[in-house]
Amino acid sequence: MRPLDALAEVCGDVRPGAPEEGVLGVVPGLVAAPATAAEAAGVMRVAAEHGLAVVPRGAETRLDWGTPPDRCDLLVDTHRLARIVEHASGDLVVTAEAGLALDELAAALAARGQRLALDRPLPGSTVGGTIAAAAAGPLRLLYGSPRDLVIGLTVVRADGEVARSGGKVVKNVAGYDLGRLFCGSSGTLGLIVEATFRLHPVPAAHAYVTCPVTGAAQAHEAVQSLLHSPIAPSAIEVLAPTPPSCTVGVLLEGVPEGVTARTAQATALLGPDAQVCEEPPEGWGLYPDGTTLLDVTAPPTSLTHLLTEIGADALTATWSAIGRGYVGLPAETAPDKAAAIIAGLREGLARHRGSAVVCYAPADVRAAIDFWGPVPAAKLMRQVKDQFDPGHRLSPGRFVGGI
């Protein structure tokens, strides 16, 4: 039986792929959109029987991240897996399907005075895509990233078997490491179909305190003063659209009286140019401008070096005080120049035990650069890949070292 016919027997929405659905230029042979976990399992089982290479797709907000797949015989679209399965508001837990947009989930949770404490830098991003990309913003300072908020995960393995880890209550951590493993896996270990998250109450009050600073040293000093103060910030971010000039911002949340008092402390720490407002500063929680985006990880002490480096090349950046940020290269950056900038950043950050990974780049730049840089855990990652996907059919070539 042809793959198309076999897929049609287990899934109600199957069709040939179209050129505009290409994943970084690799056009899928077939597209299947399962509506249930059972349908998703059937799709993956057929793919295994026919040796099809599978690439998951959510809302396409990060489908251009990483490197092109070696092949894409089947694109599994999760847009029909878009329901809130259960919201146990008393336990501060929600279970949602992978194709649900985080914006829709946020609206439903807000109606009950709760939230999933993840920033949403790309409108329309889905539950599954956010987990697969391990995407997070400045709120990670207090609340963590997806791997800290996922307490249960349902996935379909490469062979079509459904696997579940974790539970529906925060105290149940059985299998939690499996959930962490899939965070940032870029669709290379299995198909995420459902996730359970721990939630937090929507704070009664909040305030943003921002202050313009000039120079890397001043920005570093401002961040350190906030980090080592008793104000208990929910997030601290450095916005550097034109480094070395940048803006240091801090988000304070809690009861009104406490926020008022802590806002006064933050203002005193940042100096007379500090401003207080209810709305975030421009660029807060968003990726910096540029056609090439780097995900930079390093200790907070590396901020001075990072701002100095990107200032010299007129790049843009955002930086969270937890030691994670993004750097954007302008559209006019030539491939050889981009390669030199990335190599220089990696060399400098290595002295701080940091790294820089390319999220996306134009095709000409992509061909001239190493997307990942040195990855000490590459051997272990290949062993994990071999265990979960022995045939290397899931998003082949999309991850570190061609995984």
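The values are calculated or read from the model by the stated rules, or taken from the named source; none is laboratory data. Just so it is clear, the model here is predicted, and its values are computed rather than measured. Positions of Cβ are backbone-derived with ideal geometry, glycine not excepted, and every protein chain shown enters the neighbour counts. These accessible areas exclude ligands, DNA and RNA; they are computed on the full protein's heavy atoms, side chains included. Shrake-Rupley method; radii C 1.70, N 1.55, O 1.52, S 1.80 Å.
Among residues belonging to the stretch 69-84 that are in contact with a Gly (Cβ under 6 Å, 6 or more places away or on another chain) and in contact (Cβ under 8 Å) with a residue 60 or more places away in the chain, point out the one that is surrounded by the most Cβ atoms within 10 Å (Cβ to Cβ).
Leu81
Kindly indicate the residue of the stretch 361-387 that is open to solvent by less than 80 Å² (accessible area, probe 1.4 Å) and out of contact with any helix residue (DSSP H, G or I) (no Cβ under 8 Å at 6 or more places or on another chain) and also nearest to Thr291 (Cα to Cα) among those meeting that condition.
So, considering only residues that are open to solvent by less than 80 Å² (accessible area, probe 1.4 Å) and out of contact with any helix residue (DSSP H, G or I) (no Cβ under 8 Å at 6 or more places or on another chain), the one nearest to Thr291 (Cα to Cα) is Pro362.
What are the residues in the stretch 176-187 that are in contact with a Gly (Cβ under 6 Å, 6 or more places away or on another chain) and open to solvent by 40 Å² or more (accessible area, probe 1.4 Å), if any?
Residue satisfying the conditions is Ser186 alone.
Please verify whether Thr291 is within 25 Å of the chain's Cα centre (by Cα), of a type in the set (Ser, Thr, Tyr) and not assigned by TED's automatic domain parsing to the domain that holds Lys337, treating the condition exactly as stated.
It is false that Thr291 is within 25 Å of the chain's Cα centre (by Cα), of a type in the set (Ser, Thr, Tyr) and not assigned by TED's automatic domain parsing to the domain that holds Lys337.
Considering only the stretch 103-121, state which residues are in contact with a helix residue (DSSP H, G or I) (Cβ under 9 Å, 6 or more places away or on another chain) and either within 13 Å of Leu92 (Cα to Cα) or open to solvent by 20 Å² or more (accessible area, probe 1.4 Å) (or both).
Selection gives Leu109, Arg112, Gly113, Gln114, Arg115, Leu116, Ala117, Asp119, Arg120.
Quick grid of which residues meet (1) open to solvent by 60 Å² or more (accessible area, probe 1.4 Å); (2) closer than 30 Å to Leu81 by Cβ; (3) in contact with a Leu (Cβ under 8 Å, 6 or more places away or on another chain); (4) not in a helix (DSSP H, G or I):
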| position | (1), (2), (3), (4) |
| --- | --- |
| Asp148 | no, yes, no, no |
| Ala158 | no, yes, yes, yes |
| Leu189 | no, yes, yes, yes |
| Tyr208 | no, no, yes, yes |
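Can you name the residue in the stretch 330-339 that is at pLDDT 95 or above and of a type in the set (A, V, I, L, M) and, of all such residues, is least open to solvent (accessible area, probe 1.4 Å)?
The extreme case among them is Ala338.
Taking the stated definitions as given, is Gly325 open to solvent by less than 30 Å² (accessible area, probe 1.4 Å) and either farther than 27 Å from Tyr143 by Cα or not assigned by TED's automatic domain parsing to the domain that holds Gly137 (or both)?
Against the criterion (open to solvent by less than 30 Å² (accessible area, probe 1.4 Å) and either farther than 27 Å from Tyr143 by Cα or not assigned by TED's automatic domain parsing to the domain that holds Gly137 (or both)), Gly325 qualifies.
Name the residues in the stretch 240-273 that are buried (at least 20 other Cβ atoms within 10 Å of the Cβ), outside any helix (DSSP H, G or I) and at pLDDT 95 or above, would you?
Those that are buried (at least 20 other Cβ atoms within 10 Å of the Cβ), outside any helix (DSSP H, G or I) and at pLDDT 95 or above: Thr247, Val248, Gly249, Val250, Leu251, Leu252, Glu253.
Which of the residues belonging to the stretch 207-234 are touching a strand residue (DSSP E or B) at 6+ places or on another chain (Cβ under 9 Å) and either within 30 Å of Gly99 (Cα to Cα) or of a type in the set (Ser, Thr, Tyr) (or both)?
Hits for the stretch 207-234 are Tyr208, Thr210, Thr214, Ser234.
Can you tell me which of (1) surrounded by fewer than 24 Cβ atoms within 10 Å (Cβ to Cβ); (2) in contact with a Lys or Arg (Cβ under 9 Å, 6 or more places away or on another chain); (3) in a helix (DSSP H, G or I) is the one Ile131 doesn't meet?
Result: Ile131 fails condition (1) only.
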